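Enquirer: Submitted below is the structure of interest, expressed as structure tokens.
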Amino acid sequence: MIDFDEELKKFHPSLEVEDVGEAIYNQDLTDMADLIVGMLKETDNNRKKSASNDQQ
């Protein structure tokens with residue numbers, strides 16, 4: 001049988017994996033919430049423009 005405690009002592013994570021993780025977490029990525037907020041702001045701006053054009 002496998003001795004998991006012994007195997008865990010031997011385990012060393014790959015440096016490549018750690019580097020990739022840091023690169024991903026350090027990037028300022030746009031998520032779905034950011035996209036929705038942007039769309040709502042754009043829609044609100046379009047409504048304001050439309051309302052000001054209707055008053056003229």
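The values are calculated or read from the model by the stated rules, or taken from the named source; none is laboratory data. Since the structure is predicted, the reported quantities are computational estimates derived from the model, not experimental observations. Cβ placement follows ideal geometry from the backbone for every residue including glycine, while neighbour counts extend to all protein chains displayed. Protein only, heavy atoms only, side chains kept; ligands, DNA and RNA dropped before computing areas. Shrake-Rupley method; radii C 1.70, N 1.55, O 1.52, S 1.80 Å.
Enquirer: Using a 1.4 Å probe on the protein chains only, how many percent of the accessible area of the chain belongs to carbon and sulfur?
Expert: Working: 3310 of 5900 Å².
Reported share for carbon and sulfur atoms: 56 percent.
Enquirer: Separate question: Dipole magnitude of the chain about its Cα centre, charges +1 at Lys/Arg Cβ and -1 at Asp/Glu Cβ only, in debye to the nearest 20? All intermediate terms of the calculation are to be shown ahead of the outcome.
Expert: Working: 6 positive and 14 negative charges, 152 e Å.
Here the size comes out at about 740 debye.
Enquirer: I would also like to ask the following. Helix-only mean residue ellipticity at 222 nm, the chain, DSSP H runs n ≥ 4 weighted -39,500 (n - 2.57), per residue, nearest 500. What is it?
Expert: Calculated from helices alone, the mean residue ellipticity at 222 nm is -25000 deg cm²/dmol.
Enquirer: How big is the chain in terms of Cα radius of gyration and Dmax, in angstroms?
Expert: Computed over the Cα atoms of the chain, radius of gyration and Dmax are 25.5, 83 Å.
Enquirer: While we're on this one: Report the extension gain between E7 and I36 in nm, rounded to one decimal, defined as 0.36 nm multiplied by the number of residues separating them, less their alpha carbon distance. Each step should come with its number before you reach the end.
Expert: Working: separation 29, 0.36 × 29 = 10.44 nm, distance 4.61 nm.
Gain on extension, E7 to I36, equals 5.8 nm.
Enquirer: Let me ask something else about it. Ranked by accessible surface with a 1.4 Å probe, highest first, in what order do M1, M39 come?
Expert: Numbers: M1 240, M39 120 Å².
Largest accessible area first, the residues go M1, M39.
Enquirer: Note down the accessible area of E7, probe 1.4 Å, to the nearest 10 Å².
Expert: Answer for E7: close to 90 Å² accessible.
Enquirer: Does anyone have the angle between helix 15-26 and the longest principal axis of the chain? Alpha-carbon axes, 0 to 90°, nearest 10?
Expert: Taking Cα atoms only, the helix is inclined about 20 degrees.
Enquirer: If ligands, DNA and RNA are left out, what is the accessible area of D54 with a 1.4 Å probe, given in Å² to the nearest 10?
Expert: We get 120 Å² for D54.
Enquirer: Using a 1.4 angstrom probe, figure out how much accessible area the chain has per residue, in square angstrom, rounded to the nearest whole.
Expert: Values: 5900 Å² over 56 residues.
Accessible area per residue, the chain: 105 Å².
Enquirer: Here is a further query. In square angstrom, rounded to the nearest 10, how much accessible surface does T43 have for a 1.4 Å probe?
Expert: Approximately 60 Å² of T43 is accessible to the 1.4 Å probe.
Enquirer: Enter the angle in degrees (range 0 to 90, nearest 10) between the Cα long axis of helix 32-55 and the first principal axis of the Cα atoms of the chain, meaning the one along which they spread out most.
Expert: Result, in degrees: 0.
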